[in-house]
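Contents: one structure, followed by commentary.
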Amino acid sequence: MPYDTDIFETLRYRLMTNAFEHGQKVRAEHLRQEFGCSASTIREVLFRLSTLGLVEFQEQRGFRVPKKSREVIHELTHLRVLLEAEGTVMSIRRGGVAWEARLTAAHHQLSHLEMRLNTATDRSPFVDLWFGAEAQFHETLISACGSQTLIDTHHRVYCRFRQQLMVEDRDFNFISNNIMHHQHILDAAMAGDEDLTRQKIHDHLARHLMDADQIEPA
């Protein structure tokens, strides 16, 4: 039975953005009632989400949100660096003016939101917009790489990465650095400087390696 795309996307977003706590049991019956669908539809959606690593399934115990893990954050950060650096360099080589225009537009939207966040007293109106714009910028970086496998792998890694950091990132304590980092990545990519692009992507994500060291081992 095909899964419901709308339910899938709704739950994927919730799992990435703090609607469920780390380690929380995901109750299929509650979701079935909320969405007004069949039990088989919810189970199919949850099983598909498990292929992204956003929920874990155990026989007789059902579905749970993965726990926060220092080791997992380290691993996902290293994978993001590798995938985004290589994907962006491939996009630089293959993307041309059309990719540059898309990337510039994605950065403009993200930069505007981040500057608003940086000065806002109440940041709540910008949270959902930022999550979407941040994802779009990083997806656009690799969008012209020519490898659907790389893009699909990055999507899975990005979803799990965002879920692991869903609590801390809502504080937006990093936002002033983000404005600078994203500008540096854009500038390097637009200049076609492959080595500098790789370095700026690493610099942007490196804070997560240090932050992960503050997490107590499970």
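Within the stretch 18-43, residues that are of a type in the set (A, V, I, L, M, F, W, C) sit with their Cβ atoms under 9 Å from residues that are part of a helix (DSSP H, G or I) and open to solvent by 70 Å² or more (accessible area, probe 1.4 Å), at 6+ positions apart or across chains, in these pairs: Ala19/Tyr13; Ala28/Arg43; Phe35/Asp6; Ala39/Glu29; Ala39/Arg32; Ile42/Glu29; Ile42/Arg32.
This table checks each residue for (1) among the hydrophobic types (A, V, I, L, M, F, W, C); (2) under 12 Å from the mean Cα position of the chain (by Cα).
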{"position": "Pro125", "(1), (2)": "no, no"}
{"position": "Asp128", "(1), (2)": "no, no"}
{"position": "Phe131", "(1), (2)": "yes, yes"}
{"position": "Gln136", "(1), (2)": "no, yes"}
{"position": "Leu141", "(1), (2)": "yes, no"}
{"position": "Leu150", "(1), (2)": "yes, no"}
{"position": "His155", "(1), (2)": "no, yes"}
{"position": "Cys159", "(1), (2)": "yes, yes"}
{"position": "Gln163", "(1), (2)": "no, yes"}
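Taking the stretch 204-218 as the range and being open to solvent by 50 Å² or more (accessible area, probe 1.4 Å), part of a helix (DSSP H, G or I) and either at pLDDT 95 or above or of a type in the set (Gly, Ala, Ser) (or both) as the test, no residue passes. When the helices (runs of 4 or more DSSP H) confined to the stretch 1-80 are screened for residues that are under 15 Å from the mean Cα position of the chain (by Cα), those reaching at least 3 such residues are found at 5-16. Entry remark, the stretch 1-51: residues being among the aromatic types (Phe, Trp, Tyr) and within 20 Å of Asp128 (Cα to Cα) number 3 in total. Limited to the stretch 156-192, what total is found for residues that are free of Cβ contacts under 8 Å to residues at least 60 places away in the same chain and either open to solvent by 30 Å² or more (accessible area, probe 1.4 Å) or among the polar types (S, T, N, Q) (or both)? Residues in the stretch 156-192 being free of Cβ contacts under 8 Å to residues at least 60 places away in the same chain and either open to solvent by 30 Å² or more (accessible area, probe 1.4 Å) or among the polar types (S, T, N, Q) (or both): 10 in total.
Taken as a whole, the structure places Phe137 among residues that are in contact (Cβ under 8 Å) with a residue 40 or more places away in the chain and either in a helix (DSSP H, G or I) or surrounded by 15 or more Cβ atoms within 10 Å (Cβ to Cβ) (or both). With respect to the stated conditions, Glu86 fails to be without any contact (Cβ under 8 Å) to a residue 24 or more places away in the chain, touching a helix residue (DSSP H, G or I) at 6+ places or on another chain (Cβ under 9 Å) and open to solvent by 20 Å² or more (accessible area, probe 1.4 Å).
Do we have any residue at all in the stretch 103-111 that's surrounded by 14 or more Cβ atoms within 10 Å (Cβ to Cβ) and either closer than 18 Å to Asp152 by Cα or aromatic (Phe, Trp, Tyr) (or both)? Taking every residue of the stretch 103-111 in turn, none turns out to be surrounded by 14 or more Cβ atoms within 10 Å (Cβ to Cβ) and either closer than 18 Å to Asp152 by Cα or aromatic (Phe, Trp, Tyr) (or both). For the stretch 113-130, residues that are over 14 Å from His182 (Cα atoms) and either at pLDDT 95 or above or open to solvent by less than 10 Å² (accessible area, probe 1.4 Å) (or both) total 1.
The values are calculated or read from the model by the stated rules, or taken from the named source; none is laboratory data. Given the structure is predicted, the values throughout are model-derived calculations rather than measurements. As a convention, Cβ positions derive from the backbone with ideal geometry for all residues, glycine included, and neighbour counts pool all protein chains shown. Surface accessibility is based on the protein's heavy atoms, side chains included, excluding ligands, DNA and RNA. Shrake-Rupley method; radii C 1.70, N 1.55, O 1.52, S 1.80 Å.
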